[in-house]
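Each reported figure results from applying straightforward, stated rules to the coordinates on display, with no laboratory input. Worth saying up front: this structure is predicted, and the values here are computed from it rather than measured. Methodologically, a virtual Cβ is constructed for each residue, glycine included, from the backbone with ideal geometry; neighbour enumeration extends over all protein chains shown.
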Amino acid sequence: MGGIAAFAYGIVCYFVFFVTFLYAVAFVGGFLVPGTLDSGQATSAALAWLIDIGLLGLFAVQHSGMARRGFKRWVTKWMPAPIERSTYVLLSSLVLILIFWQWRPLPGTVWDVQTPWAYWLLYVVFAFGWFMVLTSTFVIDHFDLFGLRQTWLKARGRDYTPPEFKDHLYYRLIRHPLLFGFVVAFWAIPRMSVGHLLFAVATTAYMLFAIQLEERDLISAYGEDYRRYRKEVPMLCPWPRPRQAGNEDPHAV
């Protein structure tokens, strides 16, 4: 694949991702779009549970499986390396679109906040979560994360170099601010239905599992720098701070 074609492919994949991301905000928040966690095709409760769990499992397998270093080495034997990340982003987006399309609502309400100030406060926290998700990607390298940088370098005839390890802004407080933003966004909602609870519990559990796989790859990539960082900076919760040997008042990297 030529450089211009690779870059055009990267742009298309990025566009699909960005539209999917915007739809995901409304899908989880329950507004503006026809299909949300609390709407959609009605089925029996048993079938709804099976479909929803199957959809979430499909996303977990695709998202984590394709992100592993071994899979990347295998796939780039027959796919040009510069488009591997864009393809991953595209397939992740398509699985999310499938979830939006086929999600089945589950009956029952866990909580339903009606007090106006609390209702709007929860939506403010919800918005903060999504804001943190998006801005966290720019703190590292947004366009590398979503494949555009790789295809742009290919179009310019330049070799790819991995982004440098960065530990500033959000990353001084917690190691995974992007995932923290997702957790906040998925749980801070005025009306928590049973279906939304399933989504929140399953995605939170998946993220805790995925962190272990991701950090294994990060240690392979950055070695002692990441081991030191992991000792000094909490995973998801900023407090309490880890205690460093020989320091009474430890601080972040």
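Put a dot 7 Å past each Cα toward the Cβ at L236 and V33; how far apart are the dots in nm?
The two pseudo-label positions are separated by 2.2 nm.
With a length cut of 20 Å (Cα positions projected on each helix's long axis) and a Kyte-Doolittle mean of at least 0.0, go through the chain and give me the DSSP H helices that pass.
3-29, 45-67, 84-102, 116-139, 194-222
R0 = 41 Å: FRET efficiency of S44 with W120, Cβ-based, nearest 0.05?
E between S44 and W120, to the nearest 0.05, is 0.70.
Quick one: if you stick a label point 7 Å off each Cα along the C-beta vector at F71 and Y160, how many nm between them?
Going by the 7 Å Cα→Cβ label model, 1.5 nm.
Collect residues whose amide H, placed 1.01 Å from N in the peptide plane, falls under 5 Å from the amide H of S39; neighbours closer than 5 in sequence don't count.
Correct list: empty.
Quick one: which residues, 5 or more positions from S193 or on another chain, have an amide H under 5 Å from its amide H? H modelled 1.01 Å from N in the peptide plane, none for Pro or chain starts.
Long-range HN contacts for S193: V110.
May I have the extent of the alpha carbons of the chain along their three principal axes, as whole Å values ordered from largest to smallest?
Projected onto its principal axes, the Cα set of the chain covers 55, 53, 29 Å.
Using only the alpha-carbon atoms of the stretch 89-182 as identical scatterers, what base-10 log of I(q)/I(0) does the Debye formula give at q = 0.21, 0.22, 0.23 Å⁻¹?
Here the Debye-derived log intensity ratios amount to -1.16, -1.18, -1.19.
What 222 nm value per residue comes from the helices of the chain, counting each DSSP H run with n ≥ 4 as -39,500 (n - 2.57) and dividing by all residues, nearest 500 deg cm²/dmol?
Dividing the helical sum by the residues of the chain leaves -21500 deg cm²/dmol.
Any idea which of F165, Q212, T20 is furthest toward the positive side of the dipole for the stretch 3-232, if Lys and Arg beta-carbons carry +1 and Asp and Glu beta-carbons -1?
The one lying farthest along the dipole's positive direction is F165.
From Cα pairs below 8 angstrom and at least 6 apart in sequence, can you work out the relative contact order of the chain, rounded to a whole percent?
Relative contact order comes out at 25 percent.
Quick one: Cα centre-to-centre distance for the stretch 12-46 and the stretch 100-174, in angstrom?
16
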